[in-house]
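Remarks on the structure that follows.
The values are calculated or read from the model by the stated rules, or taken from the named source; none is laboratory data. Everything quoted here is computed from the prediction, not taken from an experiment. Cβ atoms come from the backbone with ideal geometry, glycine included; neighbour counts cover every protein chain shown.
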Amino acid sequence: MFCSVHRWRFLCGVLALSLSVIASATQSAGTVVAKSTTQARVNTPEQDRRHLTAILQKRFPALAMDDWSQGAQAISPTLLVTPLGGANATNVNDILAIGQKQWSRKFKNTKTFADCFAGKGKREVKNQTRLTAAGYPFYDEFSGAVVTIEMALQRCLISNGEAAMGITTEDEQRQMGALIAYFRHLSVGQKLAVKVASPGALARYQAGRDWFSRRLGDKDKACASCHVLSAGQTVDGLTYAPAIGQVLAWPRMVYGVAPDTGLRRLQQQFQRCMLRVGAEPFQLNSPEYNDLEYFLSAISNGLTLRPPIRTESAISVGKPSPSAEKRQ
């Protein structure tokens, strides 16, 4: 698919042009795309990471790269950031406790979630295929699909004869978000180390890269429009975080205008981004979102996992429509 195709063209100016061309390109995503006439080339994750790092470091020369994992809060000090469980974290002290309770509950076979992950979820173990949170998402060679933390937790339940957790009601969403937050909390201090080590994995990475670069919705924007070309800028009350490190800032507590408040997971944020540009969101845990999460994680390799945070939401975009729950 070529850059000239309306709405579905790749944002070639971000991930396909050379660094010299990107550096001299206008800040307008539409102008960058209009200047490009070639399809996005296939890069390795390391090439993309170096490429994007060079662009973003020019935007934030005084900001340590490892701080990018704080998302927009690393750029805009006026945004409120408090570690979950911190003394000033109103209404979030219970989140990690809820997650720990889920993590520690015994299954009917007496095992727990901890038995499904390396080092009980706390550390990598040599010669084991099981991972800590720092290794997610990963590409499953057997199924040919990306497996996220949420999917791994559901697999753990099913493999131990338990029913999968529901994620339909607000309480179910909160329970899953808290469990993910606690699991990631066990890996605080570890470096993100997502592997893209086979042709199948590279294909899924490339699919996520394409979604990141693809223009969508009434506003005709791509993820890269905001999180690369406009990274660090504040538009309509929203400060755009750099693409690298984004995945490490979630789940988080968001306080703002209802219904944009509460514990939010990464893919729920994907849905809100699509709503903001006037596009119909995909279903949570859809292949599209899983591939996008895989891409964003791979380009963030080497950054440090931090404690979950809370922040203030400056704008409400509403909830995904019911059709988003059905869209495949």
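Overview of values
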| quantity | calculated |
| --- | --- |
| Checking GLY177 against (1) within 17 Å of the chain's Cα centre (by Cα); (2) at pLDDT 95 or above, the condition it does not meet | (2) |
| Any hit, the stretch 141-153, residues being at pLDDT below 95, part of a helix (DSSP H, G or I) and surrounded by 15 or more Cβ atoms within 10 Å (Cβ to Cβ) | no |
| Sole residue being more than 30 Å from GLU46 (Cβ to Cβ) and at pLDDT 90 or above, chosen from GLY302, GLY318, GLY245, GLY278 | GLY278 |
| Check on ALA193, out of contact with any strand residue (DSSP E or B) (no Cβ under 6 Å at 6 or more places or on another chain), among the aliphatic types (A, V, I, L, M), surrounded by fewer than 19 Cβ atoms within 10 Å (Cβ to Cβ) and not in a loop (DSSP other than H, G, I, E, B) | no |
| Residues (outside any helix (DSSP H, G or I), touching an Asp or Glu at 6+ places or on another chain (Cβ under 9 Å) and either in the same structural domain as ALA298 (by TED's automatic domain parsing) or closer than 13 Å to PHE295 by Cβ (or both)) located in the stretch 197-215 | none |
| Residue count, the stretch 229-245 (criterion: surrounded by fewer than 18 Cβ atoms within 10 Å (Cβ to Cβ) and among the hydroxyl-bearing types (Ser, Thr, Tyr)) | 1 |
| Test: residue in the stretch 167-175 that is outside the structural domain of LEU248 (by TED's automatic domain parsing) and farther than 20 Å from GLN268 by Cα | no |
| Scan of the stretch 81-139 for residues that are at pLDDT 95 or above, surrounded by 14 or more Cβ atoms within 10 Å (Cβ to Cβ) and in a loop (DSSP other than H, G, I, E, B), ordered by number | PHE107, LYS111, THR112, TYR136, PRO137 |
